[in-house]
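Single-structure report; data block below.
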Amino acid sequence: MIPADTILTNGTVVTMDQSYTVIPNGAVAIRGDSILAVGPGETVLSHHRAAETIDCTGLTLIPGLINAHTHAPMTLLRGLADDLRLDVWLIGYMMPVEREFVNPDFVRLGTLLGCAEMIRSGVTAFADMYYFEDSVAAATAQAGMRAVCAQTILKFPSPDAESYEAGLAVCREFLEKWKGHPLIVPAVAPHAPYTCTPEILQACAALAVEFDVPLHIHISETAQEVQDWRESYGMPVVPWVKKQNLFDAKVIAAHCVHIDEGEMHTLLHHHAGVAHNPTSNLKLASGIAPVGRMLELGLNVGIGTDGPASNNDLDMFEETRLAALLAKVATDNPTTLPARQALEMATIMGARALHIDHLTGSLEPGKQADLAILDLSTLNNLPIFERSPDAVYARIVYAAKSTDVKDVLVSGQWLMRDRELLTLDTDDLLAQATEVARQIDAFLIAREDDIVSKLLAIGELQQEESFEVQVKARLEDPARVEAMLDLPEISVDRYSHYRQYDTYFEFGPPDHYRVRYREDDFIDERDEVTGVRTRLTLTEGGKEREFANAILLSRSRYIAPATRPLRFYREYVQAESEQTITKERRRWHIDYRGMRLYVNVDRLLEPEEDGYFLEIKSRTWSLRDAEQKAEAIGELLQILEVDSRNLIRDEYVTFARPSAKRK
Ligand SMILES: [Zn+2]
């Protein structure tokens with residue numbers, strides 16, 4: 001008789017081995033951290049003698065589920081910002097909050113909560129990607145779960161690294177510390193091609209190869225990403241990352257929603273695993289990954305929940321069911337992704353995608369004892385038909401709920417028995433989470449009330465104040481301006497001609513803040529656009545001072561190049577109202593009495609208005625300088641014979657009938 005520690009007997013054993021063996025009245029013998037034997041109950045019992053034999057009559061034993069892509073600590077950010085587009089959600093909310101709050105304690109607490117939720121839904125292993133991954137790994141090991149923990153590397157400062165070089169150093173230290181741990185496989189995570197540079201991707205691939213660990217990355221999550229890549233590099237994302245030597249490493253590619261046939265072949269050829277995240281892709285409207293085709297080609301596709309901030313749960317039963325359903329509707333074929341294959345993705349194929357199938361993913365002798373015991377005698381699973389043993393797959397994938405998971409073991413250690421968590425104290429964790437949520441709430445409430453900090457939070461404004469002296473007037477005859485520019489005391493340094501598209505986002509009463517998104521389309525003599533510039537300007541209402549002739553001094557302008565599309569700012573700033581003004585502008589940079597002034601002659605295209613408008617302005621930094629410039633501008637108004645009735649006293653906009661859209 002071979003000694004074992006535990007024998008689980010009389011259960012239905014769903015092995016997920018090569019032949020998809022299902023054993024009614026089966027048994028699993030465990031010794032230490034490993035599976036010693038799997039087979040019919042009588043056979044296993046006749047060869048093994050165990051300290052403890054557990055009767056699993058009426059229960060179903062499956063390999064523990066594998067969550068192929070998540071950001072476990074984001075349990076603490078669940079429900080923070082929803083129903084937003086990916087860029088607004090990520091850049092506008094997740095990243096600023098992460099920069100403010102994410103530290104090793106936050107990560108540890110979030111991971112423990114994530115582990116509690118995953119264990120309860122039968123998950124025994126997951127692939128994580130986050131900051132302070134050392135704390136994720138420590139918390140995961142404390143919870144007793146298995147994980148591929150990948151340390152994030154970004155091209156911009158992250159909560160745990162000032163620069164990417166620092167990030168790489170942190171990652172190297174992390175790999176050195178955790179390599180060889182019985183539960184943790186450390187890994188490298190360049191976040192995504194669009195948040196990295198070629199240099200970072202190459203360095204990450206080299207690091208992963210050096211330590212022989214997986215490389216976890218987001219690939220082609222949105223159509224926009226692929227379109228950007230095609231425009232910038234003339235190719236989609238997968239061949240581009242291949243050029244950065246990414247596939248030298250053992251890649252775990254999360255999402256792959258928008259990859260073509262050629263890209264699938266590349267992933268297959270390089271043994272890359274794919275993590276399919278159906279809920280996250282639906283919730284962020286990223287699309288439906290072509291999983292049916294990937295499976296046909298033989299790619300290893302696992303199923304992931306993605307982070308709980310974009311899902312919003314870590315329930316692999318829900319995720320597996322959805323993966324099966326979505327693949328059917330996407331291929332217009334109900335035979336696509338049958339239940340057995342869906343469970344395979346959630347177990348052994350997920351293990352292959354994570355490059356840990358030598359350890360886990362199936363119930364076979366020699367593998368780690370990672371398993372979940374389900375009670376499928378619950379109302380939502382009944383009745384049970386015995387005609388085909390394979391019916392168990394449909395029961396698990398389509399009918400079972402995570403609440404049907406009764407017990408969970410990882411490496412032979414019980415993490416849950418009779419739905420009671422043995423390694424984690426959830427009452428204590430929840431109390432701590434409540435306190436963290438209170439702090440994040442306070443931070444966001446303060447930020448949402450202040451547009452300056454909101455724009456600074458996404459790095460969109462340069463905190464630079466300037467003053468401006470300016471006058472605006474209706475212009476009866478634009479030819480006078482050109483005549484003036486010919487005067488000997490005026491020299492023209494530069495001339496430009498453009499169409500200007502302004503969108504004003506307004507907050508609070510008039511005189512309060514306005515954010516202006518301005519697109520200048522430069523045009524040549526043939527009226528063709530020769531260049532485009534976009535800028536974001538924040539102006540604070542109220543004039544600082546008024547000189548004679550409606551010449552105003554105003555201040556507080558923060559200007560930065562607008563790096564994102566207008567739509568992003570519209571969705572992010574959530575203005576109370578919005579107005580657009582389009583004009584054709586001719587602008588001269590002139591030198592008059594040693595002063596640099598700008599002379600603009602505008603024609604209003606939207607809202608349409610007859611006639612021309614004049615604007616003369618200059619930047620200034622002292623009141624004395626402002627006075628001199630105001631005087632000079634007054635002289636120019638005289639030269640132009642601008643009638644005082646034509647002066648526009650409104651500091652901003654401006655023009656008589658703005659096309660305001662009130663919400
Ligand atoms: Zn993700």
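Using θ = phi - 60° in the Karplus curve 6.51 cos²θ - 1.76 cosθ + 1.60, the 3J(HN,Hα) couplings for segment 186-191 round to x, 8, 10, 10, x, 3 Hz; x is entered for Gly and Pro. Within a straight-line Cα-Cα reach of under 25 Å, K283 can be paired with the following lysines, leaving aside sequence neighbours fewer than 8 residues apart in one chain: K328, K401, K454.
A straight chain from K328 to E231 at 0.36 nm per residue would run longer than the Cα-Cα distance by 31.7 nm.
Computed over segment 396-484, relative contact order equals 9 percent, with contacts defined as Cα pairs under 8 Å that lie 6+ residues apart. Computed from backbone phi with θ = phi - 60° and the Karplus coefficients 6.51, -1.76 and 1.60, the 3J(HN,Hα) list for segment 75-92 is 3, 6, 10, 4, x, 6, 8, 10, 6, 10, 6, 3, 5, 5, 4, 6, 7, x Hz; x is used for glycine and proline. Rolled with a 1.4 Å probe across the full set of protein chains, the surface gives L282 an accessible area near 80 Å². In this structure the amide hydrogen of V185, modeled in the peptide plane, comes within under 5 Å of the amide hydrogens of A147, V148, C149, none closer than 5 places in sequence on its chain. In this structure, the amide hydrogen of Y612, modeled 1.01 Å from its nitrogen in the peptide plane, lies closer than 5 angstrom to those of L475, counting only residues at least 5 positions away or on a different chain. For the chain, the longest principal axis of the alpha carbon atoms and the long axis of helix 426-448 meet at an angle near 10°. The listed peptides 423-436, 133-146, 368-381, ordered by packing as a protection proxy, come out as 133-146, 368-381, 423-436 (highest mean of other Cβ atoms within 10 Å first). At a 1.4 Å probe radius, carbon and sulfur cover how many percent of the accessible area of the chain? After summing per-atom areas, the C and S share lands at 49 percent. Computed from phi, the 3J(HN,Hα) profile of segment 385-401 under the Karplus parametrisation 6.51, -1.76, 1.60 (θ = phi - 60°) reads 9, 9, 3, 10, x, 5, 4, 4, 5, 5, 4, 5, 7, 9, 10, 5, 10 Hz, with x in place of Gly and Pro. Take the chain and mark each of the chymotrypsin sites (Phe, Trp or Tyr not before Pro) that is in a DSSP loop with at most 16 other Cβ atoms within 10 Å; the longest unmarked stretch, sites excluded, is 1-384. Put simply, the amide H of R49, placed in the peptide plane, has neighbours under 5 Å in I2, A4, leaving out anything fewer than 5 places away on its chain.
Accessible area per residue (1.4 Å probe, heavy atoms of protein chains only) ranks R293, R586, R526 as R526, R293, R586, with the largest value leading. When the residues K328, K155 are ordered by accessible surface, computed with a 1.4 Å probe over the protein chains alone, the sequence from largest down reads K155, K328.
Mean sequence separation of contacting Cα pairs (under 8 Å, at least six apart), scaled by the length of the chain, corresponds to a relative contact order of 12 percent.
Rounded to the nearest 10 degrees, the inclination of helix 316-331 to the longest alpha-carbon principal axis of the chain is 70 degrees.
Average accessible surface for the chain: 41 Å² per residue, computed with a 1.4 Å probe over protein heavy atoms with every protein chain in place.
Compared with the dominant Cα axis of the chain, that is its longest principal axis, helix 104-120 is turned about 50°.
Just check segment 133-196 against the gyration tensor rule for me: Cα atoms, a ≥ b ≥ c as the square roots of the eigenvalues, rounded for a/c under 1.5, and otherwise prolate or oblate depending on whether a/b exceeds b/c. Here segment 133-196 falls in the prolate category.
The values are calculated or read from the model by the stated rules, or taken from the named source; none is laboratory data. Small disclaimer: the values here were computed from a predicted structure and weren't measured. Neighbour counts run over all protein chains shown; Cβ positions are idealised from the backbone, glycine included. Keep in mind that these areas ignore ligands, DNA and RNA; they rest on the heavy atoms of the full protein, side chains included. Shrake-Rupley method; radii C 1.70, N 1.55, O 1.52, S 1.80 Å.
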